[in-house]
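The values are calculated or read from the model by the stated rules, or taken from the named source; none is laboratory data. Predicted, not measured: the structure shown is a model, and the values here were computed from it. All Cβ positions, glycine included, derive from the backbone under ideal geometry; neighbour counts span all protein chains shown. Only protein heavy atoms, including side chains, enter the accessible area calculation; ligands, DNA and RNA are left aside. Shrake-Rupley method; radii C 1.70, N 1.55, O 1.52, S 1.80 Å.
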Amino acid sequence: MLTRSFSKFRRDMHALNRRAREWRMIVKGVASTSHPVMAHIIPIRRCNLACTYCNEYDDFSKPVAQDIMFERLDQLADLGTTIITFSGGEPLLHPDLDRLISHIRQRGILAGMITNGYLLTAQRVKQLNDAGLDHMQISIDNVMPDDVSKKSLKVLDKKLQILAEHALFHVNINSVLGGGYTLPKMR
């Protein structure tokens, strides 16, 4: 019970700290329009899935080297960017992702990530916590995997449970109502 109480307290403190940084970002954005609020950066184009609708899929590209990524992230920080979101491909495939997240957090920037969630384990979530990740977005395309998308609730359900138990960062779930679903008739 004490461990669960400490875990909740720790999560609440992280959320409070994140909210304070988000409010500072909003105030900075209102006070000055001379800087980017958010930048979206792709450290790797490769993905571990092959969803047929995806125009980003690539199974061969190498990750962008850490020193090049640091240079790009520093340029964004020097511009006053307040949020940087990593996506791809699948950002969790980048071997230096934790260092990239830590790097932007050290510059005072909010760190986000868009992922398919397949590579999440309890250990990986803890590493993302340690790196300072603020936000994660996962897309779920259907209830059951099909020929179009493997990003299904059936497959990701256990990953969502891991996140609920271990993540100190905010998790947002985007869901898609696919073409194979028929809406009930309205009366």
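Number of residues in the stretch 50-74 that are closer than 24 Å to G108 by Cβ and either surrounded by 15 or more Cβ atoms within 10 Å (Cβ to Cβ) or of a type in the set (S, T, Y) (or both): the value is 6. Condition check: exposed (fewer than 15 other Cβ atoms within 10 Å of the Cβ), closer than 22 Å to D58 by Cα and out of contact with any Lys or Arg (no Cβ under 8 Å at 6 or more places or on another chain). Does P91 satisfy that? Spelling it out, it is not the case that P91 is exposed (fewer than 15 other Cβ atoms within 10 Å of the Cβ), closer than 22 Å to D58 by Cα and out of contact with any Lys or Arg (no Cβ under 8 Å at 6 or more places or on another chain). Restricting the stretch 153-187 to residues that are of a type in the set (K, R) and not in a loop (DSSP other than H, G, I, E, B), which is modelled with the lowest pLDDT? Among residues in the stretch 153-187 that are of a type in the set (K, R) and not in a loop (DSSP other than H, G, I, E, B), the one modelled with the lowest pLDDT is K154.
Pairs linking a residue in the stretch 101-123 that is open to solvent by less than 30 Å² (accessible area, probe 1.4 Å) to a residue that is basic (K, R), with Cβ atoms under 7 Å and 6 or more positions apart or on different chains, are L110/R21; A111/R105; N116/K151; G117/K159; L120/K159. The C-beta contact set for the stretch 79-97 (first residue in contact (Cβ under 8 Å) with a residue 12 or more places away in the chain, second residue open to solvent by less than 10 Å² (accessible area, probe 1.4 Å) and of a type in the set (S, T, Y), distance under 8 angstrom, 6+ apart or interchain) comprises S87/T115; E90/T115; P91/T115; L92/T115.
If the condition is being more than 30 Å from D141 (Cβ to Cβ) and either open to solvent by less than 80 Å² (accessible area, probe 1.4 Å) or touching a strand residue (DSSP E or B) at 6+ places or on another chain (Cβ under 9 Å) (or both), then the stretch 29-49 contributes G29, S32, H35. Every listed requirement among (1) out of contact with any Ser or Thr (no Cβ under 8 Å at 6 or more places or on another chain); (2) open to solvent by 50 Å² or more (accessible area, probe 1.4 Å); (3) not β-branched (V, I, T) is met by A77 save one, (2).
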